[in-house]
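These notes concern the structure reproduced below.
The values are calculated or read from the model by the stated rules, or taken from the named source; none is laboratory data. Worth saying up front: this structure is predicted, and the values here are computed from it rather than measured. Don't worry about glycine lacking a Cβ; one is built from the backbone with ideal geometry, like all the others, and counts go over all protein chains shown.
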Amino acid sequence: MATNKTESKTIHNYLENMWHDYCLMNPEAFSIYKMLSQSGETIQNDHIALRTFKHPRLGINSLAKHFIKYGYYSAGEYFFVEKKLYAQHFEHADKSLPKIFISELELEKTSPYIQEIISGIINQIDPQMMASEDSVYGGKLWTINYQTYQKLAAESEYASWLYAYGFRPNHFTVSINHLKNFKDIAKLNIFIKERGYKLNTSGGEIKGTAEQLLEQSSTMASETVVQFGDGMYSIPACYYEFAKRYPMTNGELYQGFIAKSADKIFESTNKQS
Ligand code: NI
């Protein structure tokens, strides 16, 4: 059908713009992508992750609506009590399209300091901007200060990352199921590490098990230099993730997420000592 074709072309362009923004921010992920491509792989994304604040103007729905427009629907929800996060994942009927994983920081559970700082930056956002689908990779729509960043990081690494980088893909995820030569996640991890990249070892290098129907690993975010109001500082940026899914009893691949594994994956943007 002609309409479907147009819709699918547009969503591909939209995701392509997100990928472009992500690669600019995260040259290390692009190098890994190129390395895998050059070894003969065609890379399909399992999911793309986005972060936001829980707020009437900025919650999950403010980002999700841009995907729902293209036919995505909510297909699961997750709770991260300790990190004060709530997340949903969105799927598309076209299973070759990546899932979209959107998390939000539950501001009402954070300290008065975080609430005050975040409400200050939210007030700087032009409401028109969030209406545009470009807001998903619009970056930070506010001014930032390094001292504030550090204070936020002491309480919530997630809050500090979002404060410093704003709206942009936090990570893309290679679908291991669609690779030819790396059916095994441990084998892929070795390939990545042998080329000098560091993997997140929080909770073990491989999060999840075949029994849980999902195995994941990720690089540790490399640092980029960010211009703050009070100087230039090097801080962790984005990371690249790898996911292998297993079939459910009905033979179809499990499409959800494991909260316990995702909880550890979030730590891929922690500062490395
Ligand atoms: Ni992920």
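For a quick check of your reading of the model, give me the residue pairs whose first member lies in the range 44-62 and is under 15 Å from ALA75 (Cβ atoms) and at pLDDT 95 or above, whose second is crowded, with 23+ Cβ neighbours inside 10 Å and of a type in the set (D, E, K, R), with beta-carbon atoms closer than 7 Å and at least 6 apart or on different chains.
ASP46/LYS99; HIS47/LYS99; ILE60/GLU104
May I ask you to list the residues in the range 55-73 that are over 29 Å from GLU155 (Cβ atoms) and surrounded by 16 or more Cβ atoms within 10 Å (Cβ to Cβ)?
Once the filter is applied, which keeps residues that are over 29 Å from GLU155 (Cβ atoms) and surrounded by 16 or more Cβ atoms within 10 Å (Cβ to Cβ), the range 55-73 yields HIS66, PHE67, TYR70, GLY71, TYR72.
Do any strands (runs of 3 or more DSSP E) lying entirely in the range 191-253 carry at least 1 residues that are touching a residue at least 40 places away in the same chain (Cβ under 8 Å) and within 16 Å of the ligand (Cβ to nearest atom), and which ones are they?
Values: elements: 214-218, 223-228, 231-236, 239-245.
Answer list for the range 191-253: 214-218, 231-236, 239-245.
I'd like the full set of residues that are touching a strand residue (DSSP E or B) at 6+ places or on another chain (Cβ under 7 Å), buried (at least 19 other Cβ atoms within 10 Å of the Cβ) and closer than 22 Å to PRO236 by Cβ, limited to the range 113-143.
ILE118, VAL136, TYR137
Results for (1) farther than 14 Å from ARG168 by Cα; (2) β-branched (Val, Ile, Thr), shown as yes or no for each residue.
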residue: ILE11; (1), (2): yes, yes
residue: SER31; (1), (2): yes, no
residue: LEU58; (1), (2): no, no
residue: ASN61; (1), (2): yes, no
residue: GLY76; (1), (2): yes, no
residue: LYS95; (1), (2): yes, no
residue: GLU116; (1), (2): yes, no
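Report yes if some residue within the range 47-70 is touching a helix residue (DSSP H, G or I) at 6+ places or on another chain (Cβ under 9 Å), within 22 Å of ILE125 (Cα to Cα), assigned to a helix (DSSP H, G or I) and within 16 Å of the ligand (Cβ to nearest atom); otherwise report no.
Looking through the range 47-70, at least one residue is touching a helix residue (DSSP H, G or I) at 6+ places or on another chain (Cβ under 9 Å), within 22 Å of ILE125 (Cα to Cα), assigned to a helix (DSSP H, G or I) and within 16 Å of the ligand (Cβ to nearest atom).
Conditions first: (1) within 18 Å of ARG245 (Cα to Cα); (2) surrounded by fewer than 20 Cβ atoms within 10 Å (Cβ to Cβ). PHE90 passes all but one, so which condition is the exception?
(2)
Within 30 Å of THR148 (Cβ to Cβ), touching a residue at least 40 places away in the same chain (Cβ under 8 Å) and part of a helix (DSSP H, G or I), is that true of ALA262?
For ALA262, the condition - within 30 Å of THR148 (Cβ to Cβ), touching a residue at least 40 places away in the same chain (Cβ under 8 Å) and part of a helix (DSSP H, G or I) - is met.
Taking ALA29 as the residue in question, decide whether it is in a helix (DSSP H, G or I), of a type outside the set (S, T, N, Q) and modelled with pLDDT of 95 or more.
When the stated conditions are applied, ALA29 does not pass them.
Please name all residue pairs, on different chains or six or more residues apart, with Cβ atoms under 9 Å, provided the first residue is in the range 86-112 and is in contact (Cβ under 8 Å) with a residue 60 or more places away in the chain and on the phi < 0 side of the Ramachandran plot and the second residue is within 13 Å of the ligand (Cβ to nearest atom) and among the acidic types (Asp, Glu).
PRO98/ASP46; LYS99/ASP46
Identify, from the list THR52, THR42, THR110, the residue that is surrounded by 19 or more Cβ atoms within 10 Å (Cβ to Cβ), of a type in the set (S, T, N, Q) and in contact with a Lys or Arg (Cβ under 9 Å, 6 or more places away or on another chain).
THR110
Exactly one condition in (1) modelled with pLDDT of 95 or more; (2) surrounded by 14 or more Cβ atoms within 10 Å (Cβ to Cβ) is not met by MET232; state its number.
So MET232 meets the others, but not (2).
Exactly one condition in (1) touching an Asp or Glu at 6+ places or on another chain (Cβ under 6 Å); (2) more than 16 Å from the ligand (Cβ to nearest atom); (3) of a type in the set (Lys, Arg) is not met by LYS99; state its number.
(2)
Could you tell me which of the residues LYS151, LYS183 is surrounded by fewer than 22 Cβ atoms within 10 Å (Cβ to Cβ), assigned to a loop (DSSP other than H, G, I, E, B) and charged (D, E, K, R)?
After ruling out the rest, the residue left standing is LYS183.
Just the residues that are over 26 Å from MET25 (Cα atoms) and either of a type in the set (Gly, Ala, Ser) or loosely packed, with under 13 Cβ neighbours inside 10 Å (or both), please, taken from the range 235-273.
PRO247, MET248, THR249, ASN250, GLY251, GLU252, GLY256, ALA259
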